[in-house]
Amino acid sequence: MQKRYAKGRPRRRYNSRRNPYPAQSNKIKKLDMSKSDEFQYVLSNTVVSLPDDVRGAIKGGIYALFSKRGVGYAKDFIRKKNNEGIIPDRMSEELMGLIHRYSKYQ
């Protein structure tokens, strides 16, 4: 039997409907937005040896995928460009380390 207030309203039970095991959201490893400016600066210095017509597309692609979709998509993009011959092997390794260094779960 529910307890009643003086005016006849039923008393609310807050804990009876609460789920004891709330579902956790899936966390994805993405760019740490507090370090995004520093990441862009280091990224620009890393890809400075690429030709001008390719450099902007590579920087934009890496930054967009890393900040919006996650680490896996950005690394796949780098591997794809490395296999196409646009990014040298050493630079792709540096970019992978850069992505690892500036990521966090969100």
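Details
- Filter result for SER25 (under 21 Å from the mean Cα position of the chain (by Cα) and modelled with pLDDT under 85): yes
- Residue pairs meeting the criteria (Cβ under 9 Å; at least 6 apart or on separate chains; first in contact (Cβ under 8 Å) with a residue 24 or more places away in the chain, in segment 77-103; second assigned to a helix (DSSP H, G or I) and among the aromatic types (Phe, Trp, Tyr)): LEU98/PHE39; ILE99/PHE39; ILE99/PHE66; TYR102/PHE39; TYR102/PHE66; SER103/PHE66
- Flag for ALA57 being among the hydrophobic types (A, V, I, L, M, F, W, C), surrounded by fewer than 17 Cβ atoms within 10 Å (Cβ to Cβ) and in a helix (DSSP H, G or I): yes
- Test: residue in segment 43-50 that is surrounded by 12 or more Cβ atoms within 10 Å (Cβ to Cβ), of a type in the set (A, V, I, L, M), touching a Leu at 6+ places or on another chain (Cβ under 8 Å) and part of a helix (DSSP H, G or I): yes
- Some residue of segment 46-57 being within 19 Å of the chain's Cα centre (by Cα) and at negative phi: no
- Some residue of segment 75-85 being over 18 Å from ILE28 (Cβ atoms) and among the polar types (S, T, N, Q): yes
- Residue check for SER16: surrounded by 13 or more Cβ atoms within 10 Å (Cβ to Cβ) and either of a type in the set (Ser, Thr, Tyr) or modelled with pLDDT of 95 or more (or both): no
The values are calculated or read from the model by the stated rules, or taken from the named source; none is laboratory data. The structure displayed is predicted, hence computed values, not measured ones. We place every Cβ from the backbone using ideal geometry, glycine too, and count neighbours over all the protein chains shown.
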